[in-house]
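Here the structure is laid out as structure tokens; the discussion comes afterwards.
No lab work stands behind these numbers, since they all come straight from the coordinates. These numbers were taken from a predicted model, which means no experiment stands behind them. Ideal geometry is used to build each Cβ from the backbone, glycine not excepted, and the neighbour counts take in all protein chains shown.
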Amino acid sequence: MDVTSRRARALATLAFLLLVVAVGTTCSKSPDHKTTVADMIAAHNRHDVAGQLAFFTEDAFFVIADEIPVTGRPALRDMFGADSVMNSELLYEGLVVRGDTVIVNSVIERNELLRLLDVPEMHYLPGTRVLFQDGMMRGIQTARLDQRDWRTMRDNFAALMNWLRTTHPELLNEIESGRLSGNNATAASGWLELAAEWRNSQAGRRH
């Protein structure tokens, strides 16, 4: 093999090695979506509203099943504030990454309002999706709620509303447009107070 051929082979080998290093470096810097989701859930569970919000894009959305989505950081901040007041705890398990989407096979939520409504924990069906864009969360689309948990919550919330109409009719307008409306810390605090009062009234009846 002449000098020119050896030099050409050496250059080809060097180019290949540089390509391998470049690919390896790119892969090592690619976003770890599972870790990001875990970090976001950790922020949620320690009630770090600002820390949780930092994982989301400015126009991010959050939608539970087929409900109207919560869209944009200001609305997400309100929602996370409500979760903090209710002492919300989330458990995400069975995460599968497919490109810029993380599919969650098991979601469990616990909070004080659910507990007062006799739902120790809310289970979601498999299929919650966390969508990423440029390494940040673009949105979360939850799967449907477990029907048994949903029915218990629905029926007990209906009982709470019936009690509210009789016991605190003056607060009905607050649900439409006052401090009990919306998904924010103020409304969450108000609903917790009412749910605790309702539950105590039910306990008194049973005795």
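For an R0 of 41 angstrom, estimate the FRET efficiency from the Cβ-Cβ distance between residue 202 and residue 73 and round to the nearest 0.05.
E between residue 202 and residue 73, to the nearest 0.05, is 0.60.
Could you order peptides 146-159, 183-196 by the average number of other Cβ atoms within 10 Å of their residues, highest first?
Peptide ranking by packing, descending: 183-196, 146-159.
Please work out the Kirkwood hydrodynamic radius for the range 47-93, using every pair of different C-alpha atoms, and report it in angstroms with one decimal place.
11.3 Å
Along each principal axis of its Cα atoms, how long is the range 33-206 end to end? Whole angstroms, biggest number first, please.
Here the Cα extents, ordered largest to smallest, are 53, 30, 27 Å.
Relative contact order for the range 60-207: what percent, with Cα pairs under 8 Å and sequence separation of 6 or more?
24 percent
Listed highest first by mean packing, meaning other Cβ atoms within 10 Å per residue, what order do 53-59, 169-175, 79-85 come in?
Descending packing order for the listed peptides: 79-85, 53-59, 169-175.
Going by Cα centres, the range 123-158 and the range 52-73 are how many Å apart?
Going from one Cα centre to the other spans 12 Å.
In debye to the nearest 20, how big a dipole does the range 33-206 give about its Cα centre with +1 on each Lys and Arg Cβ and -1 on each Asp and Glu Cβ?
380 debye
How charged is the neighbourhood of residue 103? Take every other residue with its Cβ under 14 Å from the Cβ of residue 103, and add Lys/Arg as +1 and Asp/Glu as -1.
Net of charged neighbours comes to +1.
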